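J.: Take a look at this one; I'll ask things after.
The values are calculated or read from the model by the stated rules, or taken from the named source; none is laboratory data. Please read these numbers as outputs of a predicted model, since none were measured by experiment. Positions of Cβ are generated from backbone atoms using ideal geometry, with glycine treated the same way; all protein chains shown enter the neighbour counts.
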Ligand code: MN
C-alpha cells in the first residue's frame, strides 16, 4: 500500500466511507469507533511525534521505528485507517489474480475465510487478524496483539479485521465470531488487492 504521509507535521483523521459497514455494525458502534477511538489515537500520535526524531516520516516508517506510546498510537492509526478503508456497501469481488494467490496459499477461498475467521475469533485479548504478503508473494495469516501491524515483520499487510472489543461489543457483546462473519460481505477486494 502507498505510504501515508503527514501534512505540516500532522497525520490526518481518515474519512469514514459513508454506509460502508451498514448491516454489519451499527452507526452507534461506528461513531464511537471512528469518532472517539480513532480520533484519540490520531490526537495522541500528533502530540507524541514532535521531538521523537521521526517527524516527517511516513506512518508506516513511524510504526517500524517507534516504541512505547508512540508505537501504540501510530500502529493504531495505521491499523484503523486500513480497516475502515477496506469496506464498501457495493460488491467489489476478488480479481482472478488475487483469487489464484489465495487458492495457492490456502487451498481455496473458503479455506482461507475459515482460517482467517478462526484466527480472529481465537485471538486472546485485544488485537487484529491480518492477511499479508511475504517477500516471495506468498500470503500469510497472522494474529497481531494490541497495536501491532505486520509491516514491523517486513510483510505487506492486505486485509485486517479489528477484534478489539470496542469494534463490536455494543452490537455483538461476547459474540466475536458473529461480528467477524458479518464483515465478510462488506470487504472491498479491489482495495485489498491495491495494497499488494
Ligand atoms: Mn478499533
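J.: One residue is enough: does segment 91-112 have a residue meeting the conditions within 16 Å of the ligand (Cβ to nearest atom), within 18 Å of the chain's Cα centre (by Cα) and not in a strand (DSSP E or B)? Don't jump to the end; show me each part of the working.
T.: Start the filter on segment 91-112 by keeping residues that are within 16 Å of the ligand (Cβ to nearest atom), which leaves none.
Within segment 91-112 (the criterion being within 16 Å of the ligand (Cβ to nearest atom), within 18 Å of the chain's Cα centre (by Cα) and not in a strand (DSSP E or B)), the answer is no, since none of the residues qualifies.
J.: I would also like to ask the following. For segment 36-50, state whether one or more residues are within 16 Å of the chain's Cα centre (by Cα), assigned by TED's automatic domain parsing to the domain that holds residue 154 and either buried (at least 17 other Cβ atoms within 10 Å of the Cβ) or on the phi > 0 side of the Ramachandran plot (or both).
T.: no
J.: Now a separate question. Check off (1) closer than 17 Å to residue 182 by Cα; (2) at pLDDT 95 or above for residue 105 and give me the number that stays unchecked.
T.: (1)
J.: If you don't mind, another one. Which ones in segment 152-164 are out of contact with any strand residue (DSSP E or B) (no Cβ under 6 Å at 6 or more places or on another chain) and more than 16 Å from residue 119 (Cβ to Cβ)?
T.: If the condition is that a residue be out of contact with any strand residue (DSSP E or B) (no Cβ under 6 Å at 6 or more places or on another chain) and more than 16 Å from residue 119 (Cβ to Cβ), then 152, 154 are the ones that fit.
J.: Just checking: which of the strands (runs of 3 or more DSSP E) contained wholly in segment 124-196 hold 2 or more residues that are within 13 Å of the ligand (Cβ to nearest atom), surrounded by 14 or more Cβ atoms within 10 Å (Cβ to Cβ) and not assigned by TED's automatic domain parsing to the domain that holds residue 65? Give the derivation first.
T.: Values: elements: 127-133, 139-145, 156-162.
Filter on segment 124-196 gives 127-133, 156-162.
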